[in-house]
1. Under 7 Å by Cβ, and 6 or more places apart or on different chains, what pairs join a residue from segment 20-45 that is of a type in the set (S, T, N, Q) with one that is open to solvent by less than 50 Å² (accessible area, probe 1.4 Å)?
2. Please work out if Ile44 is at pLDDT 95 or above and more than 30 Å from Val6 (Cα to Cα).
3. Just checking, how many residues over segment 1-29 are among the hydrophobic types (A, V, I, L, M, F, W, C) and open to solvent by 90 Å² or more (accessible area, probe 1.4 Å)?
4. Out of all the residues in segment 37-57, which are open to solvent by 50 Å² or more (accessible area, probe 1.4 Å) and closer than 21 Å to Gly22 by Cα?
5. Quick one: in segment 1-26, of everything that is within 10 Å of the chain's Cα centre (by Cα) and of a type in the set (A, V, I, L, M), which residue is nearest to Asn83 (Cα to Cα)?
6. Filter segment 46-89 down to residues that are in contact (Cβ under 8 Å) with a residue 12 or more places away in the chain and among the aliphatic types (A, V, I, L, M), then give me how many there are.
Amino acid sequence: MSPIDVTEISRQALYIMMLVSGPLMFLALLVGVAIALVQALTQIQEMTLTFVPKLFVLFIAILILSPFMYGLLSDFMDEIYNNIGLPPI
């Protein structure tokens, strides 16, 4: 395996990591900003208030997005396995 191949696999891995984690991070950011806005408007300064809504939203998002995430990771792993040169499972 040449350094170019390793670099390409690393680039693909980082891209897939962004595709898998990006939607979850974006949803957590949106929920955090919305709750921070509500806290600023109502002057409720409770530090733990953001955790429960974020956990709930992320749990629902993972349930909805898990087929998409599994498909991406499975395809990437199949490609890596095929590049190794071993016989298929």
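The values are calculated or read from the model by the stated rules, or taken from the named source; none is laboratory data. Worth saying up front: this structure is predicted, and the values here are computed from it rather than measured. Reconstructed Cβ throughout: ideal geometry from the backbone, glycine too, with neighbour counts over all protein chains shown. Please note that ligands, DNA and RNA were not included when accessible areas were found on the heavy atoms of the full protein model with its side chains. Shrake-Rupley method; radii C 1.70, N 1.55, O 1.52, S 1.80 Å.
1. Gln45/Gln39
2. Numbers: at pLDDT 95 or above: no; more than 30 Å from Val6 (Cα to Cα): yes.
Here the answer is no, as Ile44 does not meet what is asked.
3. Going through segment 1-29, the residues among the hydrophobic types (A, V, I, L, M, F, W, C) turn out to be 1, 4, 6, 9, 13-14, 16-20, 24-29.
If we keep only those that are open to solvent by 90 Å² or more (accessible area, probe 1.4 Å) as well, we get 1, 4, 14, 17-18, 25-26, 29.
Matching residues across segment 1-29 total 8.
4. Just the residues of segment 37-57 that are open to solvent by 50 Å² or more (accessible area, probe 1.4 Å), to begin with: 37-38, 40-49, 51-52, 54-56.
Passing the criteria: Phe51, Val52, Lys54, Leu55, Phe56.
5. Ile16
6. Count: 10.
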